[in-house]
Structure formats: structure tokens, C-alpha cells
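**Q** Dumping the structure here so I can ask a few things about it.
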Amino acid sequence: MKKQNSNLHKAKKAKNDEFYTQLEDIEKEMKHYKKQFKGKTIFLNCDDPDWSNFWKYFSLNFNHLGLKKLISTHYAENSQSYKMEMVKMKDNKPEYIKTDLKGDGDFRSEESIELLKEADFVITNPPFSLFREYVAQLIEYDKKFLIIGSMNAITYKETFKLIMDNKLWLGITAPKEFKNPDGEMKKFGNINWYTNLEHSKRNEEIILYKEHHNFEEDFPQYENYDAINIDKVKDIPKDYSGYIGVPITFLSKYNPKQFEIVALGIIGSIDFTKNRKMEILKDGVETGKFTNNAKGTLYRKYNMSIDKKSPAFRDVETGELYSSIYARIIIKKINKKGNK
């Protein structure tokens, strides 16, 4: 997983957002929304028809999906771009129309925004480095969308607020392989579809079977927030009504009728209850570097019997050891009567 994700970090560092989605990954996700596409205009605003598998999928399935119109534009750095349109004719045969744009086709340009206003759905793989700005535009113009992004985008405060407000959620599948402009295949371990389109998985409840017999070991409490920690979604206890910290992967199974999302477990999103001065440890060894409140993350007491990793922090005053918890979403179960 770490090796796969490092490819994405390197790409972002180099500001290389040129990763092409595979046709089979598009097909796997689109099949869950086919009925919603009928009679609609779909805009692919980050897609050159010459290479885009999004264009390939929707142009080949234009009549099958019953589309009204298909539009594709793309960013052409330091040059003039164009738009490609596919329009349904009276004889049911689609017509292709290619038109030069005045500018470079940037999704933020006036030309692209005018096309955005015309569209019912926006579907594409946008630049990861511009994900915040891209989603903000979709929300501003009240568009239905189905786009690809890094799992880390969940931790962006703008994205997470949309998730909490039930304006954005995860799709069904998770693309794993992408092709770069050189034709080289790259594997990523943390890519998702983001959407505001309804799908069947959002109505599925997580089956909870675990009970908290051994509470301290199975469900350790955070030291700086009143919630228990869960490392795997399947371990969420069925008989606990308090706050629960779960991995961000929980969102792939999230049903808003079963759970309430309370907060994102990082500084700036929740109010921590303690503020200890702590020494940062590396592989359990003192470093002489210090932080307050575990770098603004959730943490719990280190337990040698259950923790596979070395402690991450040591309390300067007491010497107590602590484990840092990677980004958690704080949730609360909704009871059967609908009360939280």
C-alpha cells in the first residue's frame, strides 16, 4: 500500500496530473447509474477525445444510454483548445461537431463555465492538485457529478464539510491502475469515485456483530477526545451508542440512515480535551523533538500487548507512552427510531 501511494505523492510533488483512467474502470462504475443518464447532457471537461476513455465510453454508448448530448473539452497548455460535441439527431444517429475554443480549455475559463451551465452531469478525472477548486465549482453551479480523486481528499476541510452535509459521498468501485502520457501503467492504492448521484450501496447497512466484552483491548478510548477507536469497519460494536472513531475507509460503506458523521478527528475539525507537551519518538526511540497534543491528532495510551507499532509519543511530564491514530472520522450510531 505504501509503495502504491508513494506514486501519487511523487506525482503531486511534480504537479503531474496526467493520469488516464482505464476504460474497464469507467465501465465498472457507470453501470450503476445508467438509468440516471437517459435524456441528459454529459460534460467531460478534463478530457481530450483523442485519448480520453471517458469520451470513448460515452460516445460508444450514446444511444444505449439515451443521451441527449455529450460535450468534451480539455486543457491545452499554452495553446488553443477545442470542444467536441455529440448530438442526437432526428434519425437517432448522433452527429459529431468539433469547434475551436478561443482559449486553452481550462475548466475555470468563461467558455468552459458556459458549457458547464448547459450540462446535467459532469463526469471526469480532474487534476488531483486542483481537486478543492474543481469540486467547489461543481457545487457553486449545482451540478450532478461523478469524478475521480485521491482518498486523502476526504481530509480536506472543504470536502469533509460536503460529506457531513450529505452533498458528496463515495461511489461504488475504486480504480487501481492509471496510464501516464508515456504509456506507463501506475498503480495507486487510495483512489475513489466522488459523487452526488444516488446509488444502491448508500442504502446498504453495515452488519454489526461485535460486542464489547473486552472493552479496553478491543475498543481503546482516545486520551484527547471522548470516543473509542476502531481500526477496522467490521469491528464497530453493535451495542455501543457513544462516539466512535473509524478509518476514513468507512465512507465506502457509509449509510446516512445508519450512522451520523460527527467530525473529522484532526485539529481544526474537533476540540481536543487535552493539550500535553509530548516528545516525538521514532521507532520508539526519543528524538529530542517536541509537539503539543500529538501534532493535532487523536491519540491513545500505548498498549504493548495489542499495538503492533512502536509508540509515537512520550508525555514529557509523566513519561506515559502514546500511539498516534491516523485520520479518523468520528461517527455515532442512529437508533432504529431515527434518533441520534
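**Q** Using alpha-carbon pairs under 8 Å, 6+ residues apart, how would you state the relative contact order of segment 204-335 in percent?
**A** 29 percent
**Q** Calculated FRET efficiency, Lys201 and Lys309, Cβ-Cβ r, R0 30 Å, to nearest 0.05?
**A** Here the calculated transfer efficiency is 0.40.
**Q** Please work out the Cα center distance from segment 210-286 to segment 31-84, rounded to the nearest Å.
**A** Cα centres, segment 210-286 to segment 31-84: 41 Å.
**Q** When the expected Rg is taken as 2.2 N^0.38 Å, what fraction or multiple of it is the alpha-carbon Rg of segment 2-201?
**A** Normalised Rg, Cα atoms only: 0.99.
**Q** With charges set only on the Cβ (+1 for Lys and Arg, -1 for Asp and Glu), what does the dipole of the chain come to about its Cα centre, in debye to the nearest 20?
**A** With only Lys, Arg, Asp and Glu charged at Cβ, the dipole is about 760 debye.
**Q** State, as an integer percentage, the relative contact order of segment 129-219 based on alpha-carbon contacts under 8 Å between residues 6 or more apart.
**A** 29 percent
**Q** When a footprinting reagent is the concern and you count Cβ atoms within 10 Å, what order do Glu95, Glu158 take, fewest first?
**A** Glu95, Glu158
**Q** At a Förster radius of 25 Å, what calculated FRET efficiency corresponds to the Cβ-Cβ distance of Thr318 and Asp231, to the nearest 0.05?
**A** 0.45
**Q** Once the Cα atoms of helix 131-140 and of the chain are each reduced to a long axis, what angle between those two axes, in degrees from 0 to 90 to the nearest 10, is obtained?
**A** Computed tilt is about 70 degrees.
**Q** Right, here's the next one. Which order results if Tyr33, Tyr222 are arranged by neighbouring Cβ count within 10 Å, fewest first?
**A** Neighbour counts put them in this order, fewest first: Tyr33, Tyr222.
**Q** A further question on this structure: Report the FRET efficiency, 1/(1 + (r/R0)^6), for Lys282 and Gln221, where r is their Cβ-Cβ distance and R0 is 25 Å, rounded to 0.05.
**A** In this case the efficiency is close to 0.45.
**Q** Pick out, from Asn45, Leu60, Leu115, the residue whose Cα sits farthest towards the positive end of the charge dipole of the chain, with +1 on the Cβ of Lys and Arg and -1 on the Cβ of Asp and Glu.
**A** Result: Leu60.
**Q** Can you work out ³J(HN,Hα) from phi for every residue in segment 152-164, in order, using Karplus 6.51 cos²θ - 1.76 cosθ + 1.60 and θ = phi - 60°, giving whole Hz and x for Gly and Pro?
**A** 4, 4, 4, 7, 5, 4, 5, 5, 5, 4, 5, 5, 5
**Q** With +1 on each Lys and Arg Cβ and -1 on each Asp and Glu Cβ, and nothing else charged, work out how big the dipole of segment 204-335 is about its Cα centre, in Debye to the nearest 20.
**A** That gives a dipole near 360 debye.
**Q** Follow-up. Could you list the chymotrypsin sites (Phe, Trp or Tyr not before Pro) in segment 272-340 that lie in coil according to DSSP, counting only those with at most 13 other Cβ atoms within 10 Å of their Cβ?
**A** Loop-located and lightly packed - Tyr326.
**Q** Could you list Ile244, Ile206 in order of exposure, starting from the residue whose Cβ has the fewest other Cβ atoms within 10 Å?
**A** Sorted ascending by nearby Cβ count, the order is Ile206, Ile244.
**Q** Among Leu101, Ala153, Gly245, which residue has its Cα furthest toward the positive end of the charge dipole of the chain, with +1 on Lys/Arg Cβ and -1 on Asp/Glu Cβ?
**A** Gly245
**Q** Let me ask something else. Between Ser150, Ser79, Ser305, find the one with the highest GNM mean-square fluctuation for the chain; connect C-alpha pairs within less than 10 Å.
**A** Taking springs between Cα atoms under 10 Å, the residue moving most is Ser305.
**Q** Among Glu114, Glu198, Glu27, which one shows the highest mean-square fluctuation when the chain is modelled as a Gaussian network with alpha-carbon springs under 10 Å?
**A** Highest fluctuation among the options: Glu114.
**Q** Please tell me which of these pairs span more than 18 angstrom C-alpha to C-alpha: Lys232/Lys277; Lys40/Lys88; Lys83/Lys144; Lys35/Lys69; Lys40/Lys98; Lys28/Lys201?
**A** Checking Cα-Cα distances, Lys232/Lys277; Lys83/Lys144; Lys40/Lys98 exceed 18 Å.
**Q** Looking at the chain as a GNM with Cα springs under 10 Å, which of Ile230, Ile306, Ile123 has the largest mean-square fluctuation?
**A** Answer for the Gaussian network model of the chain: Ile306.
**Q** Under a crude label model (7 Å from the Cα following the beta-carbon direction), how far is Glu133 from Asn292 in nanometres?
**A** It works out to 3.3 nm between the two label points.
All of the numbers you see were taken from the coordinates with simple rules; none came from a lab. In this text the structure is predicted, and so the values were computed from the model without any measurement. All Cβ positions, glycine included, derive from the backbone under ideal geometry; neighbour counts span all protein chains shown.
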